[in-house]
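The values are calculated or read from the model by the stated rules, or taken from the named source; none is laboratory data. Worth saying up front: this structure is predicted, and the values here are computed from it rather than measured. Neighbour counts run over all protein chains shown; Cβ positions are idealised from the backbone, glycine included. Quick note on the areas: whole protein, heavy atoms, side chains included, nothing else; ligands and nucleic acids left out. Shrake-Rupley method; radii C 1.70, N 1.55, O 1.52, S 1.80 Å.
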Amino acid sequence: MYDNFINLFFIIFAFRETLEEKKWVKFDFLEGVHNIQQALKTKNIKTIYIIYFLFVFGWTILFQFAPVLVIKKFHFTNSQIGDLAAFMGICWAIGSWPINKLLIKRFPPIKILEVSLLVFTLFCGVVGFPKDLTNVILLLGLCVTIGGLAWPLCTTIISDRAPQRMQGKVLGMS
């Protein structure tokens with residue numbers, strides 16, 4: 001508690017503003033919409049943005065659907081759902097780091113992304129069909145591993161295709 005007063009005292013009496021010139025910026029409520037419009041007008045990244053949106057949409061459905069699936073089909077408890085989430089996190093890490101690193105050395109990112117998105121879509125389409133838990137968990141693990149591979153590839157390709165002056169906005173929107 002005393003630390004807070006010492007910090008407040010320091011800020012009031014010892015802190016000096018380092019910004020030389022204060023700039024007033026006009027606030028635009030629709031700036032996000034304008035940025036999206038500008039990005040979608042950029043020919044090099046329009047298609048990959050749409051693909052990225054659809055991928056993230058599919059990923060969100062999978063991530064939200066997985067707990068419902070295992071609760072309804074296999075009567076998972078809260079603890080088991082936590083274990084499944086941990087397993088999915090490990091699969092994500094494997095896809096986004098060692099598998100990504102291995103493949104990126106051998107193939108162009110766009111080719112890896114094309115194949116991974118196709119496989120991701122196929123696996124997501126069948127994840128709910130197996131009747132045994134082992135196959136559902138295996139398919140979820142594969143979906144998440146491939147999703148972990150595809151996500152950074154999408155942002156890499158978007159960044160590479162964006163003009164230098166727009167990279168911050170483009171990645172921020174991603």
Query raised in the report: Name the pairs: first residue in segment 79-107 and within 18 Å of residue 143 (Cα to Cα) and without any contact (Cβ under 8 Å) to a residue 60 or more places away in the chain, second residue open to solvent by less than 90 Å² (accessible area, probe 1.4 Å) and part of a loop (DSSP other than H, G, I, E, B), Cβ to Cβ under 9 Å, at least 6 apart or on different chains?
Result: 83/76; 84/76
Report task. Pull up segment 127-146, narrow it to residues that are farther than 27 Å from residue 102 by Cα and touching a helix residue (DSSP H, G or I) at 6+ places or on another chain (Cβ under 7 Å), then point me to the one that is most open to solvent (accessible area, probe 1.4 Å). Result -> 133
Requested in this report: Search segment 44-69 for residues that are farther than 14 Å from residue 125 by Cα and pair each with any residue that is among the basic types (Lys, Arg) and crowded, with 17+ Cβ neighbours inside 10 Å when their beta-carbon atoms are under 7 Å apart and the residues are at least 6 apart or on different chains.
Outcome: 44/161; 45/161; 48/161
Report task. State whether the residues of segment 84-106 include one that is open to solvent by 90 Å² or more (accessible area, probe 1.4 Å), of a type in the set (Phe, Trp, Tyr) and within 30 Å of residue 156 (Cβ to Cβ). Result -> yes
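Are there any helices (runs of 4 or more DSSP H) wholly within segment 1-84 with 2 or more residues that are among the aromatic types (Phe, Trp, Tyr) and over 21 Å from the mean Cα position of the chain (by Cα), and if so which?
2-13
Are any of the residues in segment 120-140 within 24 Å of residue 43 (Cα to Cα), out of contact with any Cys (no Cβ under 8 Å at 6 or more places or on another chain) and without any contact (Cβ under 8 Å) to a residue 40 or more places away in the chain?
no
Find the helices (runs of 4 or more DSSP H) located wholly in segment 103-174 whose residues include 2 or more that are closer than 14 Å to residue 91 by Cα and out of contact with any Ser or Thr (no Cβ under 6 Å at 6 or more places or on another chain), and list them.
So the answer is 133-161.
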Query raised in the report: Which of the residues spanning segment 48-64 are under 14 Å from residue 174 (Cβ atoms) and surrounded by fewer than 16 Cβ atoms within 10 Å (Cβ to Cβ)?
Result: 50, 53, 54, 56, 57
Report task. Check whether at least one residue in segment 65-73 is open to solvent by 90 Å² or more (accessible area, probe 1.4 Å), on the phi < 0 side of the Ramachandran plot and not acidic (Asp, Glu), and report yes or no. Result -> yes
